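Laboratory data are not the source of any read-out in this text; all were calculated from the coordinates shown. Nothing here was measured: the structure is a model prediction, and the numbers come from that model. Positions of Cβ are generated from backbone atoms using ideal geometry, with glycine treated the same way; all protein chains shown enter the neighbour counts.
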Amino acid sequence: MKDSRKRDNTLYLIYQKLDDDAFEKISEAKSAKEAWEKLRTSYKGVHQVKKVRLQTLRGEFEAFHMKDAESISDYFSRILTASNQLRRNDEKLDDLRIMEKIL
């Protein structure tokens, strides 16, 4: 089932960070948002959900590559959006690391 959900990259990344028990709790989720809500409800604690979210965001950030037809400004915007999400989740992300990703 994990393999069948590769279409939604964010949802797929969430699945990759979960053990089988946690996966069962969100296996019916159709979107990443729905998966997060189910995780939040099932764990009833922000810490575990935040940990999984940070792992997912880190993975997305590290996997960023400029798409073939993408403009520099669009790529830059995607990087800034991802870095802001990481920072909002208390990730220590310095500007040098962001610039290295852009270049």
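Sorted by average packing, counted as other Cβ atoms within 10 angstrom per residue and highest first, what order do 48-59, 80-91 take?
Numbers: 48-59: 17.5, 80-91: 14.2.
Those peptides, ordered most packed to least, come out 48-59, 80-91.
To the nearest Å, what is the center-to-center distance of the range 82-103 and the range 17-36, using C-alpha atoms only?
For the range 82-103 versus the range 17-36, the Cα centre distance is 26 Å.
State the Kirkwood hydrodynamic radius of the chain in Å, one decimal place, computed from all pairs of distinct Cα atoms. The partial results should precede the final answer.
Values: mean 1/r = 0.0680 Å⁻¹.
It works out to 14.7 Å.
Considering only E34, E62, E70, give the residue with the highest GNM mean-square fluctuation for the chain, with springs between Cα atoms whenever their separation is below 10 Å.
E70
Suppose we keep just the alpha-carbon trace of the range 64-103; what are its Rg and Dmax in angstrom?
When restricted to the Cα atoms of the range 64-103, Rg and Dmax are 10.5, 32 Å.
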